[in-house]
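What follows is a single structure, written as structure tokens, with notes after it.
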Amino acid sequence: MNDPPPESLLPLSTAVFHILIALADGDRHGYSIMRETAARTDGKVQLSAGTLYSSIRRMLEQGLIEELADSPDPTSSDERRRYYRLTRFGRRVATAEVERLNGLVKQARAAGLVRGT
Amino acid sequence: MRATAIYRALLHCYPAAFRHEYGGQMLLMFNEQLRDTARSGSRLALWARAIRDAVTVAPREHAHVIHQDLRYAIRTMAARLTFTVVAILSLALGIGANTAMFSLWNGILRAPLPLVDKPQELVMLSNPDDAGMWTGTWDGRTDGPRSWLTYEEFEQLRDHADSFSMLMASQSSLIDWQVRFGGGPWEEARGRLVSGEFFHVLGVAATLGRVFTPAEDRAGSPSVVISYSYWQRRFGGRTDVLGQTVTIRRLPLTIVGVTPRGFIGETVGQQPDLWIPARLQPSVIPGYVWLHDTPPSKAMWLHVFGRLKPGVTKAQAEAEANTIFRAGLKSFYGAVSSERGRDYLDQRLQLNSGARGASAKRNQFSKSLTALLAGVGVLLLIACANLANLLLARGTARRPELALRLFLGASRERVMRQLVTESVLLAVIGCVAGVAVAGVLHAALVRMLAESDPRFQIRFGLDATVLAFTLAAAFGAVLLFGVLPAWQVTGPDAGASLTEAGRSLVGSRRQMRWGRALVSLQLALCFPLVVGAGLMAQTVYNLQRVDLGFPAERLLLVRVELREAGYDNARRVGLLHELLAEIQRIPGVRSASFSQLGLFSGGESSTTVAVEGYAPKGDRDRSSGMDVVGPAYFSTLGIRVPLGRAIDENDRGDTPKVCVIDQAFARQFFDGRNPIGMRVTSVDHDLRTDYRVVGVARDARTRALQGEVRPRYFVAGQQAPAAEKSPTLLIRTAGDSASLLTTVRKTIERVDAALPIISARSIEEQMAPLTAQDRTTARLAVVFGCVALALAAIGLYGVLSYGISRRTGEIAIRIALGAQAWRVIAMILGESAGLIAAGLALGGGLAYAGTRLLGSRVYGIAPQDPPTFIVATGLLLLVAFSAAYLPASRASRLDPITSLRQQ
């Protein structure tokens, strides 16, 4: 598979990055991604349905995530839910974004912008 | 569950594809959020987010789909370059020709006066569609609405009508004046007389200097305003033009202002060089009384424009104007017996809209223009048929691909959206290219019109109306012919195409049938255009070759003004004699004479005659044209006098009065009797003058190219009653006549430097306006006929190329099996023959019906002229088979191995 270099997709939008983080520790469906993001950010980031699925549509096209054919949770009563999983390329892109941000933080720190160091 | 329904409705803001894919999930999520908020509250925030999504995310998704479709469309179009180029070319030609033609049509027939302030509020008290002048005496009368007004009538209205905030008058005809700057040579300039309020009523200010004021009407100050184009042309746009002196006749006028660029005044299609205060009429058009109604004559020569006071209705204004007008008529015709007076008083003014200005051309051109517009409309139809055909053919070719997409779950809506995007992209490109084509055509049209009629000028512009027309035409075409094929190829049985895998011919039969029908239709539509162009071309040819009864070449016409120069009837004979003698001495002049009426001057003198031995049956039976001519008139023009003799030098004032009649006169009044020696009496009120007929001349056309030659008799200059009109000198030259013009002018100046030359031109120049309109129409018809042929050829070529590319396999097998090249060509041409024949048959019928529209415009040829139809058929056959031959010959050169492998 010919994935583009991960850097070509950077920087990621807030929504996309949050979705990548939410999917990093396991497969999730849309509502689960939304709730996980809200919980992780203390309710500061509230992904709306439109933003969420618009991002998912784009991420699917870019190959960052994939849709699962079967529900990973056999106990789930709702079969209509669609589950998404981070692809290997998606993980590489997320890592690249983290490195990019790290680099930025380092530069900010060197410039004395970061408190407590 | 109402919330769910509302959210579901909200989802319709998203593109269908997105909705189909994620709508369910979003709804699911929304319901869960609803449930959650039932516990924690804050439903409002939930709705706010949903609505914000609908207005921010949904458009982004749409843009994404459009972007995708466009990229796909561009890829598809680039991959099928022939198709794309042919489609865009068809559209560009069709739209371009229509835009150009519509702009012309709109400019002449519909557009308001350029640069005039609030043209919709302008009203006219004269007839907008008439130009010219009329001098009526006690004997003349006009019934019903007046075409033009006299200066006194205008003054009465201007001074007494309270319904109008302003009124102005302008000369209804444009005059060619001989003007000179400083001591320079005489040159021609066009102008018209206008009243002082002219520019104020039109709401136009000067670009340089000033325009006229009402003071011009009182003082009659010798000032002149010039047009922007004249300023540029004659003075190179120099600002020191103000204050310069222009001399007209003997009156020096001062240039006081320049009008804005593009301003033409109140008459559409005419661009005056000069505007002169009407008060100066006696000085610039000497010898005529136009400023006063002096019994028994009234000179009607003015258009009257005005603006209504606020709150005054048109009906009120018309009623008031008529009250004043009738009072004027009563006092003027008061001296006439009450019985006849009633006839004269049966006149009234009609209040017309002045928004579109006056136009002499409007009525005259409107039929041909509308016919031409219909012609280019047909052109657009042909272009549309091309497009439809190509889209159908392409749709057919793409059927398997589309079927696959539909099969894989793409909605019909999604696939159609894709196809329509491609069509719209074509429309946009076609539109841009069409406007470019229109620009080029505009320029060509302007040149064409200016060439065939130098008096006629009109500016072209892509104004809002024209642009709206273009866009409507383009998008109408594409929607009609892009959406229909899209609908058809995505139809319910589209899935079946998948099984055919696009190889077999069966699936595309129906589309091919459609395509062939469209090509036939195109050829059919071409036919009337080609026939029309042929008929008009022959009409012009015939008009230029009308047998005038004398050769219309190497002939100069010079009109001089004798009365103004102070020549009374007795002295004019001597002067004319001297002028002719001097002119005849010029090397290169073969002979010279004069005529009071001139040739094709637009004038005719109708006189009442009593003819010996003829009993008139009515008034019309007693009228005949009359011309006063010099010796050698007939020999100079070259009109034969088969019976008797011509008028010569021996017909003097002291010899018996004689006349020569033309054959039309002889037919009308003598009807087989020998006219020689018979008496013809001219009756002018109480004045009766007897002439003896000494000769019968061949009928000559000196007035109009068409219609019957009317009876006319000719009398010698020395034996004629007092002449009012300025005579025209007729000068026959040995070689090119135009080169002698300067010498002739100098000779006249030598004889009498004060003698005004009103006009000097060759017979060709004099006659040009007579055929101008037909020539323009013919040229346009020929141009559009050619474009139609080109479009049809492009269409045929495109469809056959496509058809053949679909049959590559079959043709390759034939060649592999030993079919020779000519057999392949013959097979394809043979298949085209059917549709070409069908198109021609239908087209012949259309053309036959269409020629009725031309009926009256055609001259010297039957509208259903068989040779024209045969030539048109031949031409269409030639073009059609040439267009078919190219793809056929390409098919015959197929390499069977490669082609079959590709399949």
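Would you call B:P642 open to solvent by 50 Å² or more (accessible area, probe 1.4 Å) and within 28 Å of B:Q544 (Cβ to Cβ)?
Yes; evaluated as a whole, the condition is true for this residue.
How many of the residues in region B:534-550 are in a helix (DSSP H, G or I) and open to solvent by 10 Å² or more (accessible area, probe 1.4 Å)?
Final tally of qualifying residues: 7.
I'd like to verify a number: residues in region B:298-315 that are assigned to a loop (DSSP other than H, G, I, E, B) and either among the aromatic types (F, W, Y) or open to solvent by 50 Å² or more (accessible area, probe 1.4 Å) (or both), how many?
5
Do the conditions hold for B:E604, that is, is it surrounded by fewer than 16 Cβ atoms within 10 Å (Cβ to Cβ), at pLDDT below 90 and of a type outside the set (F, W, Y)?
yes
Of all residues being within 30 Å of B:Y633 (Cβ to Cβ) and either touching a Ser or Thr at 6+ places or on another chain (Cβ under 7 Å) or hydroxyl-bearing (S, T, Y) (or both) in region B:509-552, which is modelled with the highest pLDDT? Just the residue, please.
B:Y541
Return yes when B:A849 is open to solvent by 50 Å² or more (accessible area, probe 1.4 Å), more than 19 Å from B:G795 (Cβ to Cβ) and in a helix (DSSP H, G or I) and no when it is not.
Yes, satisfied.
Enumerate the helices (runs of 4 or more DSSP H) found wholly within region B:1-108, keeping only those where 2 or more residues are open to solvent by less than 60 Å² (accessible area, probe 1.4 Å), closer than 30 Å to B:L391 by Cβ and touching a His at 6+ places or on another chain (Cβ under 8 Å).
Counting at least 2 such residues, we get B:81-105.
Determine if region A:78-85 includes at least one residue that is at pLDDT 90 or above, open to solvent by 60 Å² or more (accessible area, probe 1.4 Å), outside any loop (DSSP other than H, G, I, E, B) and more than 12 Å from chain B (Cβ to nearest Cβ).
Checked against the condition, which is being at pLDDT 90 or above, open to solvent by 60 Å² or more (accessible area, probe 1.4 Å), outside any loop (DSSP other than H, G, I, E, B) and more than 12 Å from chain B (Cβ to nearest Cβ), region A:78-85 yields at least one hit.
Sort out which residues of region B:799-833 are open to solvent by less than 40 Å² (accessible area, probe 1.4 Å) and touching a Gly at 6+ places or on another chain (Cβ under 9 Å), and write them in order of number.
Across region B:799-833, the qualifying residues are B:V799, B:Y802, B:G803, B:I828.
In region B:155-185, which residues are open to solvent by 30 Å² or more (accessible area, probe 1.4 Å) and either of a type in the set (D, E, K, R) or modelled with pLDDT of 95 or more (or both)?
Listed by number, the residues that qualify are B:E155, B:R158, B:D159, B:D162, B:R180.
Within region B:52-83, how many residues turn out to be touching a helix residue (DSSP H, G or I) at 6+ places or on another chain (Cβ under 7 Å) and either within 24 Å of A:S32 (Cβ to Cβ) or within 10 Å of another protein chain (Cβ to nearest Cβ) (or both)?
6
State whether one or more residues within region B:717-726 are of a type in the set (S, T, N, Q) and over 35 Å from the mean Cα position of the chain (by Cα).
Scanning region B:717-726 turns up at least one residue that is of a type in the set (S, T, N, Q) and over 35 Å from the mean Cα position of the chain (by Cα).
Could you list all residues from region B:738-789 that are open to solvent by less than 40 Å² (accessible area, probe 1.4 Å), small (G, A, S) and farther than 24 Å from B:P551 by Cβ?
B:A781, B:G785, B:A788 - these are the residues of region B:738-789 that are open to solvent by less than 40 Å² (accessible area, probe 1.4 Å), small (G, A, S) and farther than 24 Å from B:P551 by Cβ.
Give me the residue from region B:13-48 that is of a type in the set (S, T, Y) and at the interface with chain A (Cβ under 10 Å from one of its Cβ atoms) and, out of that set, farthest from the chain's Cα centre (by Cα).
B:Y22
Only one residue in B:G434, B:G377 is modelled with pLDDT of 75 or more, touching a helix residue (DSSP H, G or I) at 6+ places or on another chain (Cβ under 9 Å), buried (at least 24 other Cβ atoms within 10 Å of the Cβ) and assigned to a helix (DSSP H, G or I), so which one is that?
B:G434
For (1) in a helix (DSSP H, G or I); (2) within 25 Å of B:A778 (Cβ to Cβ); (3) at pLDDT 75 or above, each residue gets a yes or a no:
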site: B:E422; (1), (2), (3): yes, no, yes
site: B:A427; (1), (2), (3): yes, no, yes
site: B:A444; (1), (2), (3): yes, yes, yes
site: B:P454; (1), (2), (3): no, yes, no
site: B:I458; (1), (2), (3): no, yes, no
site: B:G461; (1), (2), (3): no, no, no
site: B:V483; (1), (2), (3): yes, no, no
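Check region A:64-76 and report whether any residue there is touching a helix residue (DSSP H, G or I) at 6+ places or on another chain (Cβ under 7 Å), among the β-branched types (V, I, T) and more than 14 Å from chain B (Cβ to nearest Cβ).
no
Only residues that are more than 12 Å from chain B (Cβ to nearest Cβ), free of Cβ contacts under 8 Å to residues at least 24 places away in the same chain and outside any loop (DSSP other than H, G, I, E, B): list them for region A:1-59, please.
Of everything in region A:1-59, those that are more than 12 Å from chain B (Cβ to nearest Cβ), free of Cβ contacts under 8 Å to residues at least 24 places away in the same chain and outside any loop (DSSP other than H, G, I, E, B) turn out to be A:S8, A:A22, A:E36, A:T37, A:A39, A:R40.
The values are calculated or read from the model by the stated rules, or taken from the named source; none is laboratory data. Quick caveat: nothing in here was measured; it's all calculated off a predicted structure. For neighbour counting, all protein chains shown are included, and Cβ atoms are generated from backbone atoms with ideal geometry for every residue, glycine included. Surface accessibility is based on the protein's heavy atoms, side chains included, excluding ligands, DNA and RNA. Shrake-Rupley method; radii C 1.70, N 1.55, O 1.52, S 1.80 Å.
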